[in-house]
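First comes the structure, then the notes that go with it.
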Amino acid sequence: VIDQNLKKKLEKISSEISYHNDLYYNKDNPGIADADYDRLVSEFKELLKNNPGIIIKNNPLNIIGGVASELFTKFNHPTPMLSLDNAMNVNDLVNFEKKINNFLKDYDDQIEYSIEPKIDGLSINLIYIKGKLNIGATRGNGQIGEVITSNVLTIKDIPKKLKTKSPPDKIEIRGEVFIAKSDFQELNNTNSGQFANPRNAAAGSLRQLDSSITAKRPLKFISHGFGNLESSTNKTYYSQMKEFKKWGIPISPYLKTCSSIKSLEEFYNDINKERSNIPYDIDGLVYKINDLNLQRRLGSAGKAPRWAIAHKFESESAETILEKIDVQIGRTGSVTPVARLRPLNIGGVLVSNATLHNFDEIEKKDIREGDRVIVERAGDVIPHIIEVIKSKNKKRSNSYKAPKKCPICGSKIVVDDEEVVIRCSGTYKCEAQIVGRLKHYVSRNALDIEGLGDKQINLFFRKGFIKKYSDIYLLKDKSREIANLEGW
Ligand SMILES: [Zn+2]
């Protein structure tokens, strides 16, 4: 049964939103403060969500700037969104410049390049008509993308209106939607680790049918280009991007220009070193011919422009800071050192821990907390530290000392004579060891208990449901209590 009063209320709010949209988008004369408008919209969304039976005709949330923008309908990019050729080394860059010089035979000046980091996110195309955001679309295959306007509108970095009195009639602004590394970790903590890396999280957040979910995700945007420019007076890519910035469009803080392969290489090395300090994942740098007229002359070959190239970072190893050395206690009491790293993306996976193998290894490589280290990840094995990057002018922390007592149970740590491993001596009182043995027991005996994995054993142990092996078989009696646990 549909509550008619509620339906009337929703229709009233709906027409109120439509009225304000019209003032804002079509009459350029907002009749309400942004915060009040946002409040109105969120009340509307909340009521709609809680009353799925009520259908509102001409739902203003599905219409933007007077144009219906249904989510995920196909969208033909006015100018194709090309992909970039990759350079893996300096030789590739030299060849890139050689080809350009061959193509521009009559051009004798030194070629100038723009440089910016290549963010590992999702490329989107934003169409602004007379300065107002009209359509947001995914890149898709570069020719045809999908409309995601209502989701794009929830991203705070993306202005609904360009801050300029004389906007172009129509402009396509391209950029990357992404999630910062710290936001990703927080998001994954609340979503029980559902995403492998920030890029996947950004993609999943952008492709939501329900824009209110997208709105809750910490999506960010940085512009990295544009489609055809008809009316611009800017002669270079750099100056056009700087103008975007004035319009309220975020651009890369690292954007700069230079005039030789040698300086491209220097900047590449600098950024590669700084990677772990950059708040979002990057997988290389993009170099473009700065002169827009030369870009037009060069055009594209196949799907890639001749005037741009992506210089990729080697994906298997990267530098970061070792923030802390922790120890893990295994089921046999073995004490294993673990490196807690400033998170970094290696080959598409966000890495925040690395194994240190054993204490001899730490001593041999002289690894200390606070060190800058090179981390390697090969296949799906646990990442490890290859070496410490020592710098003369940086004071290091003291040499790492293995703990004398177990951090879990406080028992004395003893050294095995024949092995390099050291152990916690609290065999029967150390919770880390007890839980480790329970996990081992379940996996070794292939107990076919649905949903009983490492995570559940940790939880049941903490709750006191399992203290010893036999308790596992009594879990059935606890089913009512288990059902009441969070996330069960
Ligand atoms: Zn212990």
Could you tell me which residue of the stretch 94-149 is farthest from Leu219 (Cα to Cα), considering only residues that are of a type in the set (Asp, Glu) and in contact with a helix residue (DSSP H, G or I) (Cβ under 7 Å, 6 or more places away or on another chain)? Glu97
Can you pull out the residues in the stretch 91-122 that are touching an Asp or Glu at 6+ places or on another chain (Cβ under 8 Å) and within 23 Å of Asp291 (Cβ to Cβ)? Leu93, Phe96, Ile111, Glu112, Lys118
Under 6 Å between Cβ atoms, at least 6 apart or on separate chains: pull out the pairs that start in the stretch 390-411 with a residue that is aliphatic (A, V, I, L, M) and end on any residue that is outside any loop (DSSP other than H, G, I, E, B) and within 14 Å of the ligand (Cβ to nearest atom). Ile408/Ile329; Ile408/Glu431; Ile408/Ala432
Whether any residue in the stretch 103-114 is among the small types (Gly, Ala, Ser) and either modelled with pLDDT of 90 or more or farther than 30 Å from Lys312 by Cβ (or both) is what I want to check. yes
Do you know which residues across the stretch 163-221 are at pLDDT 85 or above, among the charged types (D, E, K, R) and assigned to a helix (DSSP H, G or I)? Lys181, Asp183, Lys216
Residue identified as over 30 Å from Lys467 (Cα atoms) and at pLDDT 85 or above among Ser399, Ser425: Ser399
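The values are calculated or read from the model by the stated rules, or taken from the named source; none is laboratory data. It should be emphasised that the depicted structure is a prediction, and the values quoted were computed from it without experimental measurement. Using ideal geometry, Cβ is built from the backbone for each residue, glycine included, and neighbour counts are taken over all protein chains shown.
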